[in-house]
Amino acid sequence: VPPVVAVVGRPNVGKSTLVNRIIGRRQAVVEDVPGVTRDRVFYEAEWNGRPFTVADTGGWEYGVKGLAGKVAEQAERAVQRADAVLFVVDATVGITATDEAIVTMLRKANKPIILVANKVDGQSHEADAAMLWGLGFGYPWPVSALHGRGTADLLDALLEEL
Ligand code: GDP
Ligand code: MG
């Protein structure tokens, strides 16, 4: 059975875009409107000949009361069944209250966490990514899920954890 990688993060940070990038097909649900992904969705993936399963998460209604808690709860369920976690943050926005709820949950989870600083579309956003060192999840991998920038290095790092 291939290892499972959970992709977690608050709505709209680019989780599904990253999943599409990883699986190399436009399969996962990507929407400008947050909360379109209905539930955890599993995809077969491979990097450097190593197969693994990617679990995209989401499915929250934007603006619902207690969104942060609901996001963290669903992320926790995905994390519990995963061998490694890609925690996706929008580097151009920084850490919001919803991100913080996930951070609190991830600190208690005994799983390898890889911090993804997404939407680093160019050099000028590298500094935004560096700000995320403070989360304590190690190196914030600067990527652009949309354009593919940095995703090869990210996947190399992911394989190290599987
Ligand atoms: P999710 O809710 O976390 O799954 O986020 P989505 O993958 O649905 O993406 C939300 C929005 O962010 C979409 O408009 C994407 O095109 C955009 N997006 C995702 N990744 C990037 C990126 O690397 N750079 C930029 N500029 N936009 C991105
Ligand atoms: Mg999504």
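Tabulated values for the structure
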read-out: Any hit, the stretch 117-132, residues being of a type in the set (S, T, N, Q), crowded, with 21+ Cβ neighbours inside 10 Å and either under 19 Å from residue 14 (Cβ atoms) or more than 15 Å from the chain's Cα centre (by Cα) (or both); value: yes
read-out: Meets criteria (away from ligand 1 (no atom under 12 Å from the Cβ) and closer than 16 Å to residue 8 by Cα) for residue 154; value: no
read-out: Of the criteria (1) modelled with pLDDT under 90; (2) surrounded by 11 or more Cβ atoms within 10 Å (Cβ to Cβ); (3) away from ligand 1 (no atom under 16 Å from the Cβ), which one residue 65 fails; value: (2)
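The values are calculated or read from the model by the stated rules, or taken from the named source; none is laboratory data. The structure displayed is predicted, hence computed values, not measured ones. Reconstructed Cβ throughout: ideal geometry from the backbone, glycine too, with neighbour counts over all protein chains shown.
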